[in-house]
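Report on the following structure.
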Amino acid sequence: MIKLMRYSQLYTKTTKNVPADADSANARYLEQGGFIHREMAGVYSYLPLGLRVLRKIDNIIREEMNAIGGQEILMPALSPKENWMKTGRWDGLDVLFKLPAAGGKEYALGATHEEVVTPLVQDHVFSYKDLPMSVYQIQTKFRNELRAKSGILRGREFGMKDLYSFDKTEEELDEFYEKAKVAYTNVFKRVGFKPEDTYLTFASGGTFSKYSHEYQIAAGVGEDLIYTCDKCVVAVNKEIIEDQDSCPECGNKNLTEKNGIEVGNIFKLKTKYSEPFGFKFTDEDGTTKPVIMGCYGIGNTRLMGSLVEVFHDERGIIWPKNVSPYFVHLIVVKGDENAEKEAEKLYKDLEKEGIEVFFDDRDERPGAKFADADLMGMPLRLVVSKRTLESDSVEWKLRPEAEGENVPLKDVVKKVKALYKED
């Protein structure tokens, strides 16, 4: 990933105009900051800065899925009607986009991928020696939502990481399920959420298990109602609160109602999809048994929007370090030849240290540059001007702080490097 960018070369620009449909912080600030562009309701383009954030989120997810043995694949968005007929979801899934095609055929745009991954893996798994295994993808999903809203939190086209596990026994499924819980916790921590922001939420397991699990981010804009236990930092979804009026972990009955954004879920499918496709394996004793499945989803684009909902103020976004498009927002106040020379030098010195730098080299007034820096939300703002150089220094300001401080020019690179490497 490119570590440097000059604002003068970036084709997108910020805007002061508040989007007409900005019903949430992410819809407002991501569009104003030039991260995304609304094409129509529930459909967005990801612009250079926004795509950098999304790819960083993707890479964190990818590393954690690889760590539990997931093998990355990429499945098609278009799938045959026949597969959906086998599972009963051609008519049973109300958000499914159905497409007529030449020759009278019909296809579905992938709202989820059980109907594709099950026969796909079936072509390669025959014996107990081939199991357990798991595959995942990071791909675009399509759902015919009646009401797209809240920016990239609820769209008709959105990004998703979906992993599917295939096991010989329910015990193997249980073992992988617990590994997935740990991996999910790692993902949410690494993108920047604090443990107190993220709730492992007990939801209905349907006919297959007592519980499935959602991962909910506490946020006022969230559509879901959850009941949280402050002792365990877990929650219960409203849909099962009547049957579970206490914390499933510790029994605490003092639960607090909150709004949540669902950013992930894990579910024990068991044989729900393997049986319609006749997906079986030959066990060690020669008997034929159905493959046991699980599914594990994370909405990567929704995760990006959720980060903005949690990390922002009245001036704009406050990106956590690991997902910020760049680490340093370097500003030069134009009009002084020495300041411009020192800013260029600092830009190159930071590059040599591997620091990601966004350099506002525009011929623009300082106030507009500072406002853009706050809106875009990168962790550290450095300002080089005639005024700072009078004391051989650079203005240093962390994004959440109201005021900056002067740091000696000779110490800046070393201090930035230390901050960049800090956990």
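The values are calculated or read from the model by the stated rules, or taken from the named source; none is laboratory data. What you are looking at is a predicted structure, and each value in this text was computed from that prediction instead of being measured. Note that each Cβ is placed from the backbone with ideal geometry, even for glycine, and that neighbours are counted across all protein chains shown.
Descriptive notes on the structure:
- Residues in segment 114-154 that are assigned to a loop (DSSP other than H, G, I, E, B), touching a strand residue (DSSP E or B) at 6+ places or on another chain (Cβ under 8 Å) and closer than 19 Å to D167 by Cβ: V125, F126, L131, P132.
- Among the residues of segment 393-423, those identified as closer than 20 Å to K345 by Cα and either of a type in the set (K, R) or assigned to a loop (DSSP other than H, G, I, E, B) (or both) are K397, K410, K414, K415, K417.
A quick yes/no check of all residues on (1) within 20 Å of T198 (Cβ to Cβ); (2) at pLDDT below 95; (3) crowded, with 22+ Cβ neighbours inside 10 Å:
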position	(1), (2), (3)
Y136	no, no, yes
T140	no, no, no
E145	no, yes, no
R156	no, no, no
L163	yes, no, yes
F166	no, no, yes
E170	no, no, no
K179	yes, no, no
V182	yes, no, no
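- Listed conditions (1) within 29 Å of the chain's Cα centre (by Cα); (2) surrounded by 14 or more Cβ atoms within 10 Å (Cβ to Cβ); (3) on the phi < 0 side of the Ramachandran plot are all met by F279, apart from (1).
- Among the residues making up segment 295-310, those that are under 26 Å from M133 (Cα atoms), within 8 Å of the chain's Cα centre (by Cα) and not small (G, A, S) are I298, N300.
- Being touching a Leu at 6+ places or on another chain (Cβ under 9 Å), farther than 30 Å from L74 by Cβ and either among the aromatic types (F, W, Y) or in a helix (DSSP H, G or I) (or both) is true of Y227.
- Within segment 230-272, tally of residues that are in contact with a helix residue (DSSP H, G or I) (Cβ under 9 Å, 6 or more places away or on another chain), surrounded by fewer than 17 Cβ atoms within 10 Å (Cβ to Cβ) and part of a strand (DSSP E or B): 1
- The numbered conditions (1) assigned to a loop (DSSP other than H, G, I, E, B); (2) more than 28 Å from V117 (Cα to Cα) are all true for Y29 except (1).
- Filter pass, L78 being under 22 Å from H312 (Cβ atoms) and aliphatic (A, V, I, L, M): no
- Counted as qualifying within segment 41-109 are the strands (runs of 3 or more DSSP E) with 3 or more residues that are surrounded by fewer than 17 Cβ atoms within 10 Å (Cβ to Cβ) and not small (G, A, S), namely 97-100.
- The residues in segment 350-367 that are over 31 Å from the mean Cα position of the chain (by Cα) and more than 14 Å from M5 (Cα to Cα) can be counted, and the count is 5.
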